[in-house]
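**Q** One structure follows; several queries about it will come next.
The values are calculated or read from the model by the stated rules, or taken from the named source; none is laboratory data. Computed from a predicted model, the values in this text were never measured in an experiment. Here Cβ is always computed from backbone atoms with ideal geometry, including for glycine, and neighbour counts include all displayed protein chains.
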Amino acid sequence: MDTRNFLPSEPLSIWAKVSHFWQKSLLPLLANLRLAIVLLLVIALASIAGTVIEQGQSPGFYQANYPEEPALFGFLTWKVLLALGLDQVYQTWWYLALLVLFGASLIACTFTRQLPALKAAKHWSYYDQPRQFQKLALGVELPSPVPAQEPPFESLRTLLEQKNYRVFQEGDRLYGRKGIAGRIGPIIVHASMILILLGGILGALTGFIAQEFIPSGMTFQVQNVVQAGPWAHPSQDWAMKVNRFWIDYTPEGEIDQFYSDMSVLDPQGEEVKRQTIHVNQPLKYGGVTFYQADWTIAAIRFRLNNSPVLQLPMAQLDTGGKGRLWGTWIPTTPDLSAGISLIARDLQGTLLLYNPEGEFLATLRPGMGYEVNGVNLAIAEIVGSTGLQIKSDPGIPLFYAGFAFLMAGVIMSYVSHSQIWALRVEETLYIGGRTNRAQIAFEKEVLEILGQGVCQNLREDR
């Protein structure tokens, strides 16, 4: 029984309309070179804006730096900036939409142009009409150097193979080609750009940036996230410990380098990795990278007479941009009615003591003591804090792979795809060829082949 008449025809009709719209309208639009160029320019302009405009700052920062009067360029105020998402360009929906649209354009161009061109280049075809040679950029017509009943092109075939051509022959017809990598190169370039776009999208959606100041000896997990994608997961099932933080100084007293000895701890508190990091030498674990970015003085540890070691936090003072100073106030009486101020400028150990009237009292270093208000103050240690920038970007491997493929594709794209045809009709030999680049070098190569092979056989035959 034929059931075709009982099947509904409407879904097939709708599918046919969708397929027709995709193939005839949407796909050619996406593969349009002008659209790709416009998208690339818009993405470049948005990226420039994201580089020039400070990203991830507080609204107060933008109000102070992008006021309404006078507006930057006459229109860019903090309200416009925040409304357009220019404070977080790389996480905005419109920037990600541009990346997706540009990636779709690359994919459409690859499938509609590059892959068909590669398929055509891999398929060999013979010329069997003399008029076909008239369309080639380079073509010659010579008397056949061998009798018509003998196999032609022996010397020509040998010379082409010596020039790395892949030669196909069928009777009185010959076809040779080389440089197929030149056709594959653009496809690899497109694929690499798609990988880079995917890396950017993945990083924007799932990556995060955090900043932490951790004192020596403290264990922590990432909490102070300053920028994160909507699908980011900063929390980990492991923790970090700063075993020690220290600074190396030059003989002149300037900072040479600062270091953090860090450990990765599993949920049971066992160490699974340990590394000393410094500037340009980060620690990487679990897809998260810890960079040594800054430092500060966290606290001062001291004794009063025979007391246990006490600890007080130190705060950074406002010096008006004239260096960095940290200070704290140490009470010297149980009721906190009297005390001294302690100032530090670095971790080298030199501390300055001042009384409540601001008068300088003494200079102390760890291990030294000073009597004030009938109490002996002994400095035990200056506790430093390491400033860490913590970053997770799952798109980085795609970035690296994309750039590696991009370099390979660009190099391959410079390879010339050259083709040579030959046809013998009765007593006449037709030879011609074409290439997609390096036309002059190709012409020299063909003339060299003719001079060494066909023309030489012609002279010997005469």
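**Q** In the stretch 121-171, what residues are modelled with pLDDT of 85 or more, in contact with a Leu (Cβ under 9 Å, 6 or more places away or on another chain), charged (D, E, K, R) and within 18 Å of residue 425 (Cα to Cα)?
**A** Passing the criteria: 128, 157.
**Q** Another question, then. Is it the case that residue 419 is surrounded by 16 or more Cβ atoms within 10 Å (Cβ to Cβ) and out of contact with any helix residue (DSSP H, G or I) (no Cβ under 9 Å at 6 or more places or on another chain)?
**A** In short, no.
**Q** Being touching a Leu at 6+ places or on another chain (Cβ under 8 Å), small (Gly, Ala, Ser) and under 26 Å from residue 397 (Cα atoms) is the filter here; which residues of the stretch 172-193 pass it?
**A** Of everything in the stretch 172-193, just one residue is touching a Leu at 6+ places or on another chain (Cβ under 8 Å), small (Gly, Ala, Ser) and under 26 Å from residue 397 (Cα atoms), namely 192.
**Q** Going residue by residue through the stretch 321-336, is there one that turns out to be of a type in the set (A, V, I, L, M), over 30 Å from residue 223 (Cβ atoms) and part of a loop (DSSP other than H, G, I, E, B)?
**A** Yes, the stretch 321-336 contains a residue that is of a type in the set (A, V, I, L, M), over 30 Å from residue 223 (Cβ atoms) and part of a loop (DSSP other than H, G, I, E, B).
**Q** Please name all residue pairs, on different chains or six or more residues apart, with Cβ atoms under 6 Å, provided the first residue is in the stretch 369-384 and is assigned by TED's automatic domain parsing to the domain that holds residue 311 and the second residue is hydroxyl-bearing (Ser, Thr, Tyr) and part of a strand (DSSP E or B).
**A** Note: pairs meeting the criteria are 377/370.
**Q** If you don't mind, there's one more thing I want to ask. Under 8 Å by Cβ, and 6 or more places apart or on different chains, what pairs join a residue from the stretch 417-428 that is farther than 16 Å from residue 442 by Cβ with one that is surrounded by fewer than 20 Cβ atoms within 10 Å (Cβ to Cβ) and of a type in the set (A, V, I, L, M)?
**A** Listed by first residue and then by second, the contacts come to 424/148; 426/148; 427/148; 428/142.
Rundown of residues vs (1) touching a Phe, Trp or Tyr at 6+ places or on another chain (Cβ under 8 Å); (2) in a strand (DSSP E or B); (3) of a type outside the set (A, V, I, L, M, F, W, C); (4) surrounded by fewer than 15 Cβ atoms within 10 Å (Cβ to Cβ), yes/no style:
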{"residue": "277", "(1), (2), (3), (4)": "yes, yes, no, no"}
{"residue": "293", "(1), (2), (3), (4)": "no, yes, no, no"}
{"residue": "307", "(1), (2), (3), (4)": "no, no, yes, yes"}
{"residue": "318", "(1), (2), (3), (4)": "no, no, yes, yes"}
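**Q** Given the residues 232, 239, 299, which is the only one that is more than 19 Å from residue 346 (Cα to Cα), in contact (Cβ under 8 Å) with a residue 60 or more places away in the chain and assigned by TED's automatic domain parsing to the domain that holds residue 373?
**A** 232
**Q** Could you please let me know if residue 401 is more than 30 Å from residue 434 (Cα to Cα) and in contact with a Leu (Cβ under 7 Å, 6 or more places away or on another chain)?
**A** In short, yes.
**Q** Right, next: Would the stretch 415-428 turn up any residue that is closer than 30 Å to residue 303 by Cβ and touching a Leu at 6+ places or on another chain (Cβ under 9 Å)?
**A** No - not one qualifying residue is present in the stretch 415-428.
**Q** Can you find a residue that is outside any strand (DSSP E or B), under 30 Å from residue 131 (Cβ atoms) and outside the structural domain of residue 106 (by TED's automatic domain parsing) anywhere in the stretch 390-400?
**A** Looking for residues that are outside any strand (DSSP E or B), under 30 Å from residue 131 (Cβ atoms) and outside the structural domain of residue 106 (by TED's automatic domain parsing), one finds none in the stretch 390-400, hence no.
**Q** Looking at the stretch 386-396, is at least one residue touching a residue at least 12 places away in the same chain (Cβ under 8 Å), over 30 Å from residue 227 (Cα atoms), surrounded by fewer than 20 Cβ atoms within 10 Å (Cβ to Cβ) and not aliphatic (A, V, I, L, M)?
**A** Checked the stretch 386-396: no residue is touching a residue at least 12 places away in the same chain (Cβ under 8 Å), over 30 Å from residue 227 (Cα atoms), surrounded by fewer than 20 Cβ atoms within 10 Å (Cβ to Cβ) and not aliphatic (A, V, I, L, M).
One line per residue, one yes/no per condition, for (1) surrounded by fewer than 16 Cβ atoms within 10 Å (Cβ to Cβ); (2) of a type in the set (Gly, Ala, Ser); (3) not in a strand (DSSP E or B):
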| residue | (1), (2), (3) |
| --- | --- |
| 190 | no, no, yes |
| 214 | no, no, no |
| 252 | yes, no, yes |
| 260 | no, yes, no |
| 267 | yes, no, yes |
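**Q** Only one of these is surrounded by fewer than 16 Cβ atoms within 10 Å (Cβ to Cβ) and of a type in the set (A, V, I, L, M, F, W, C): 407, 412. Name it.
**A** Residue meeting the stated conditions: 407.
Here is a yes/no grid of residues against (1) small (Gly, Ala, Ser); (2) touching a residue at least 12 places away in the same chain (Cβ under 8 Å); (3) surrounded by fewer than 17 Cβ atoms within 10 Å (Cβ to Cβ):
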{"site": "81", "(1), (2), (3)": "no, yes, no"}
{"site": "106", "(1), (2), (3)": "no, yes, no"}
{"site": "113", "(1), (2), (3)": "no, yes, yes"}
{"site": "131", "(1), (2), (3)": "no, no, yes"}
{"site": "165", "(1), (2), (3)": "no, yes, no"}
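**Q** Testing residue 360 on (1) in the same structural domain as residue 256 (by TED's automatic domain parsing); (2) surrounded by 14 or more Cβ atoms within 10 Å (Cβ to Cβ); (3) among the aromatic types (Phe, Trp, Tyr), one condition comes back false. Which one is that?
**A** (2)
**Q** What number of residues within the stretch 231-245 satisfy the criterion of being at pLDDT below 90 and either polar (S, T, N, Q) or surrounded by 13 or more Cβ atoms within 10 Å (Cβ to Cβ) (or both)?
**A** Counting residues in the stretch 231-245 that are at pLDDT below 90 and either polar (S, T, N, Q) or surrounded by 13 or more Cβ atoms within 10 Å (Cβ to Cβ) (or both) gives 4.
**Q** Residue check: is residue 346 crowded, with 16+ Cβ neighbours inside 10 Å, among the acidic types (Asp, Glu) and either on the phi < 0 side of the Ramachandran plot or over 52 Å from the mean Cα position of the chain (by Cα) (or both)?
**A** So residue 346 fits the description; yes.
**Q** Output the residue which, of all residues in the stretch 366-383 that are part of a loop (DSSP other than H, G, I, E, B) and within 54 Å of the chain's Cα centre (by Cα), is surrounded by the fewest Cβ atoms within 10 Å (Cβ to Cβ).
**A** 367
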